[in-house]
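Input: a single structure, listed below in structure tokens.
The values are calculated or read from the model by the stated rules, or taken from the named source; none is laboratory data. Being a predicted model, the structure only gives us computed values, none of them experimental. For neighbour counting, all protein chains shown are included, and Cβ atoms are generated from backbone atoms with ideal geometry for every residue, glycine included.
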Amino acid sequence: MVWLNPAGLLVALCVALLLECCWGEPRRYHPLVGFGRLANMLALRLNRGAGLLLRGGLAWLVLVGGALGLFIALRWQVMQFSPLLAYALDAWALWFSLGANSLLAHVAAIGAPLLAGDLPLARAQLQKIVSRDCQALDASQVAAGAVESCLENGADAIFASLFYFMLLGGAGALVHRLANTLDAMWGYKTPQWQRFGCCAARMDDALNWIPARLCALSYALLGQTRLAFMAWRQQAPLWDSPNAGPVMAAGAGALGIRLGGAAPYHGQIELRPELGFGPLASAPDITRSIQLIQTTLACWLGGMVLVLFFAMVIHSGRF
């Protein structure tokens, strides 16, 4: 009995998207809550003493590998009784891995008060999704922070999960989401986490390398293409993240605005490279960034459905 087939993936994709559209991320009993608690427990025990690189790598392997092993074992058992239930499990894994509704709602909650002139509320909403200090940001800096988060997290929370779902089904989407979560928890460059979280950060970089560039390409083709490719080529290598650089540079170019630049983090001003060309970001650009994500998502989903449909035809032996 096959592990994956195109028809099952198509059904799982449609069910997951329906759940995402109707309810967004699961709010109660979210699996990431338990996963995060377990990750914190392991970090408290292992993030001390010597051999932190090895300890961090083993902790990552135990958490992600253990969850993957449990998912594969459960899916294999379910597949023996009902392939339909196995693909329902895939749909659950993709739904759990997607964060489109949550991301776009958080970004829109920044844009609405900023458009209305309520800068303090916009700052407070931005602070919920970024680590920079937002209390002294002006309107342009708040808009830039929202657009940057929309573009970068769109690649992580939406398009990378879809990429790994197409590649490996629910197991692929699950691994990516868990790896991304551990990077968010452990992947800091502070003395406390730099060595222990190194594996989490590098694994997240590796897993996102291809989907980040596919996402950047999508942004470029759906916006101001010439500026997007110019920003990607000239400015992305200057960014400290190998994946966020192409995504944010291409996104800024596609929107015809400038992002990056100086930003306050933990009481200090961090001088970041500028990304994109044109005027500084403003409140309407937040809405434009949301629209870019939505258009990109529609194109990706259309392409995925076509690929799965033709794979179904080939799988059925009609070609």
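The number of residues in the stretch 108-127 that are touching a residue at least 12 places away in the same chain (Cβ under 8 Å) and not hydrophobic (A, V, I, L, M, F, W, C) comes to 4. In a residue-by-residue description of the stretch 30-48, the property of being of a type in the set (A, V, I, L, M), outside any loop (DSSP other than H, G, I, E, B), at pLDDT 90 or above and under 13 Å from Gly170 (Cα atoms) applies to no position. Looking at Tyr219, is it crowded, with 16+ Cβ neighbours inside 10 Å and part of a loop (DSSP other than H, G, I, E, B)? Considered against the rule, which asks whether it is crowded, with 16+ Cβ neighbours inside 10 Å and part of a loop (DSSP other than H, G, I, E, B), Tyr219 comes out as no.
Within the stretch 87-116, the set of residues being part of a helix (DSSP H, G or I), among the small types (Gly, Ala, Ser), within 30 Å of Gln77 (Cα to Cα) and under 17 Å from the mean Cα position of the chain (by Cα) comprises Ala93, Ser97. Scan the stretch 272-290 for residues that are assigned to a loop (DSSP other than H, G, I, E, B), in contact with a helix residue (DSSP H, G or I) (Cβ under 6 Å, 6 or more places away or on another chain) and within 17 Å of Arg233 (Cα to Cα) and the total you get is 1. Summed over the stretch 282-319, the residues that are aliphatic (A, V, I, L, M), surrounded by 13 or more Cβ atoms within 10 Å (Cβ to Cβ) and within 22 Å of the chain's Cα centre (by Cα) give a count of 8. Against the definition (free of Cβ contacts under 8 Å to residues at least 60 places away in the same chain and in contact with a Leu (Cβ under 9 Å, 6 or more places away or on another chain)), how does Gly256 come out, yes or no? The answer is yes for Gly256.
Listed by first and then second residue, the pairs linking a residue in the stretch 1-28 that is closer than 17 Å to Met166 by Cα and of a type outside the set (D, E, K, R) to a residue that is at pLDDT below 80 and assigned to a helix (DSSP H, G or I), with Cβ atoms under 7 Å apart and 6 or more places separating them unless they lie on different chains, are Asn5/His315; Pro6/His315. The set of residues from the stretch 86-129 being touching a helix residue (DSSP H, G or I) at 6+ places or on another chain (Cβ under 7 Å), surrounded by fewer than 20 Cβ atoms within 10 Å (Cβ to Cβ) and farther than 21 Å from Trp23 by Cα comprises Pro113, Leu115, Leu119, Leu121. Report whether or not Ala184 is modelled with pLDDT under 95 and among the aliphatic types (A, V, I, L, M). Criteria met by Ala184.
When Gly278, Gly302, Gly260, Gly251 are checked against the criterion of being more than 18 Å from Pro211 (Cα to Cα), at pLDDT 95 or above and not acidic (Asp, Glu), Gly278 stands alone in meeting it.
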